[in-house]
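Heads up, the thing below is written out as structure tokens.
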Amino acid sequence: MIKSNKLINEKSPYLLQHVNNPVDWYPWGEEAFQKAKKEKKPIFLSIGYSTCHWCHVMAHESFESQDVADLMNETFISIKVDREERPDIDKIYMTVCQMMTGSGGWPLTILLTPDKKPFFAGTYFPKESKFGRIGLIDLIKRVKSLWINNKDELLESAEKITFSLQNLSQESPGDKFNEKILKKTYNQLSSQFDSKKGGFSDRPKFPTPHNLMFLLRYWKRTGEQHALEMVEKTLQEIRKGGIYDHIGFGIHRYSTDRNWFVPHFEKMLYDQALIAIAYIEAFQATRKKIYKKTAEEIFEYIIRDMVSPKGGFYSAEDADSEGEEGKFYVWSRAELEKVLEQKEVELIMNIYNITESGNYLEEATGRKTGKNILYLNQIQDIEQEEQHLKLDNIRQELFKYREKRIHPHKDDKILTDWNGLMIAALVKGAKAFSEPKYLKIAQNATHFIINNLKKEDGILLHRYREGNAEIEGFLTDYAFFIWGLLEMFEATFNNKYLEIALELNELLLKHFWDDHIGGFYFTSESNEELLTRQKEIYDGAIPSGNSVSMLNLLRLSYITGDHILEEKADILSRVFSEKLEASPLAYTQFMVAADFAVGPTYSLVIAGNSNSKDTLNMLEAVENEYLPNKVLLLRKMEQENPDIDKFSNFVQFFDDKDNKATAYVCIDKTCKPPSHEIDKILEYLDSNWEK
């Protein structure tokens, strides 16, 4: 009988993957730390997530090995943490790893004193030492010897590292933003741009959608065509590449090569949401159907595979199946011939670059495997209508065949922050494509969060799984869900969404705001006290909570007329201005907010009967345009006392004229004459840009 360790009662799929390891794992908590103090042992902290390929490799090599487990159990108290469940812990010790080694990643391996202070950091370790890289067995033996013979040195080192960590992020508030910072961001992106393959690095290549969202705004602001060209080149290369799942849709985590060809095959919910937003905005800016089609395909994947029966969105799908990365996604010619007619095989091989010997090389040896990753040479191949119909029929046959394979593991926990991103993406799609299905899915997820992850006192919880909601929410839970709620409000004009967004924003300011300098901490004052209370600003794979909150504050201020919220956004921008000025390329989601702040920014109030044709036509015309820096309000004139008046302190002066839908456009808080004419409204909304 297999013995379980202390992870047996956890809900995290990642922790449960390790429940039968011979390592005596503990979850993060006082029991583990008290045991370490009592037994005078250091702590082995391992942080990862359930769809992490190298986490699986290290687990199979080492944590499932009785030899390694015996050494670990003798030397350490061992703790497992799911970084998606406890990003607060992960962010602190990832910072430590980057400080100590210059790099980071998962699995994250940290050695701690019993009072949580780190003295060693690394990532993946093989079981045995090889090629000059220390193996886990040798590392444990060395640490064991040091802990016995040189413990004071390790403790002193831990104190120094902790001191450096706690004094790492001293903010230096500076000046207000202006257009120079936007131009500097554009110039840095332009200098990093890969003109041949798109993206902003050599290898590996991450989609980083907020880079593209910023560039679209810069193009809108200045008319700079190169900004738009960088966006289009990147989105088209991603759509053509192996990073895109051409059979089942959705985007993989990143590309291991420059050409977007060989992906790291895991699929993350936040990646789907953010890249979908970039494709939606590119469609609005250019009206090119390929961008609309790609966003729709991503949503098809999400709706088909990632929606829980209760309406929330699951977190991720693994890169591995049957112990092999990418096995679920790659194809041999022989498999194609089992499914398709010969003419169809030839067509699909030609268009998707499939070869007899395979284009997917074995990582260790570089040998051909006979397996193929599907990728396109030309977008036009899938845009021609007749060709598209043929390919779609073939795709559906291949999809049915692929569904019979053993699927990658699905991480079925539901996270409030990642759900907020997907809600925002779906609502943007619903508005841009006039697709009510997306709005319905987003509403279901919104109500799921409100009903299951929001406590009676309004406090958000971070994680839900198997009927259990727990872990007090972090900054990103509030920021991203407020973003989703604001999109819901502007799509439905249901004031309940605005009301909840305002309540959550008030809680955010109360529990996360730094009253001394300004800016939001990642954790509230009631979260578990860790080594340090961090403020995060870096926009990595996921935008930072401060970046998204900056834009939320500005939008809420423009919707309600509450100038205090705008003042908070101004303070927020000044708090981090030194970092932003030094390297704006690292903060492009913050620059999206800066673009809104610098203006021109538009408030559009439409006064009219919410069910009348002229009102609906006016709303549709506005949503069809690429107008990123606007807030949109509807004053429902069928109501004797329009309910939006309770939330906004300026709309009560805007009535429908002559019983016709009437639009009021204000640019940087200066209002144009009211108008019934859609063309005139759009002319107002397109004015004052530097072109």
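Points to keep in mind about this one:
- Beta bridges by DSSP in the chain, antiparallel share as percent, to the nearest 5: 70 percent
- Order by protection proxy (mean Cβ within 10 Å, highest first), peptides 480-487, 537-544: 480-487, 537-544
- Integer Hz, Karplus 6.51/-1.76/1.60 couplings in order for the stretch 410-416, x for Gly and Pro: 9, 7, 9, 6, 10, 9, 4
- Three-way shape label, the stretch 1-66, alpha-carbon gyration tensor, a/c 1.5: prolate
- Excluding same-chain neighbours fewer than eight residues apart, the aspartates and glutamates reachable from residue 197 by a Cα-Cα span under 15 Å are 229, 232, 237, 257.
- Amide H contacts under 5 Å for residue 25, placed H, 5+ residues apart: 6
- Farthest toward the positive end of the dipole of the chain, out of 617, 508, 255, is the Cα of 255, where the dipole comes from beta carbon charges about the Cα centre.
- Charging the Cβ of each Asp and Glu at -1 and of each Lys and Arg at +1, and nothing else, the dipole of the stretch 494-616 about its Cα centre rounds to 320 debye.
- Separation between Cα centres of the stretch 174-190 and the stretch 513-585, rounded to whole Å: 18 Å
- Sum of side-chain charges, residue 7 neighbourhood, beta-carbon under 13 Å (Lys, Arg +1; Asp, Glu -1): -1
- Sorted peptide list for 3-10, 558-565, criterion being average Cβ within 10 angstrom, highest first: 558-565, 3-10
- When +1 charges are put on Lys and Arg Cβ atoms and -1 charges on Asp and Glu Cβ atoms, the dipole computed for the chain relative to its Cα centre reaches about 1020 debye.
- At an R0 of 22 angstrom, the distance between the Cβ atoms of residue 400 and residue 350 translates into a FRET efficiency of 0.50.
- Bridging of residue 404 to aspartates and glutamates at a Cα separation below 18 Å is possible for 245, 305, 317, 318, 320, 322, 324, 325, 335, 337, once same-chain residues fewer than 8 apart are set aside.
- Here the translational diffusion coefficient of the stretch 13-166 follows from Stokes-Einstein with Rh set to the Kirkwood radius across Cα pairs; for 20 °C and 1.002 mPa s it amounts to 139 µm²/s.
- For the residue pairs 3/35; 496/613; 267/292; 91/240, alpha carbon separations beyond 32 Å are given by 91/240.
- ³J(HN,Hα), Karplus 6.51/-1.76/1.60, whole Hz, each residue of the stretch 466-477, x for Gly, Pro: 6, x, 10, 10, 7, 6, 4, x, 9, 3, 5, 4
- Gain on full stretching of the segment that runs from residue 322 to residue 35 - 0.36 nm per residue minus C-alpha separation: 99.6 nm
- Taking a straight line from the alpha carbon of residue 127, these aspartates and glutamates sit under 18 Å away, with near neighbours fewer than eight places off in the same chain left out: 24, 61, 64, 67, 70, 74, 138.
- Within-13-Å neighbourhood charge of residue 666 [Cβ basis; K, R +1; D, E -1]: +2
- DSSP bridge analysis restricted to the stretch 602-685 gives an antiparallel fraction near 60%, rounded to the nearest 5.
- Sequence-separation-based contact order of the chain, relative, with Cα cut under 8 Å and 6+ spacing, percent: 11 percent
- When Rg and the Kirkwood radius Rh are both evaluated on Cα atoms of the chain, their ratio Rg/Rh stands at 0.98.
- Cys residues of the chain that find no other Cys beta carbon under 4.7 Å: 97.
- Magnitude of the charge dipole, the stretch 602-685, Cβ model with Lys/Arg +1 and Asp/Glu -1, debye to 20: 200 debye
Every number here is computed from the coordinates shown, using simple stated rules; none is lab data. Computed from a predicted model, the values in this text were never measured in an experiment. Ideal geometry is used to build each Cβ from the backbone, glycine not excepted, and the neighbour counts take in all protein chains shown.
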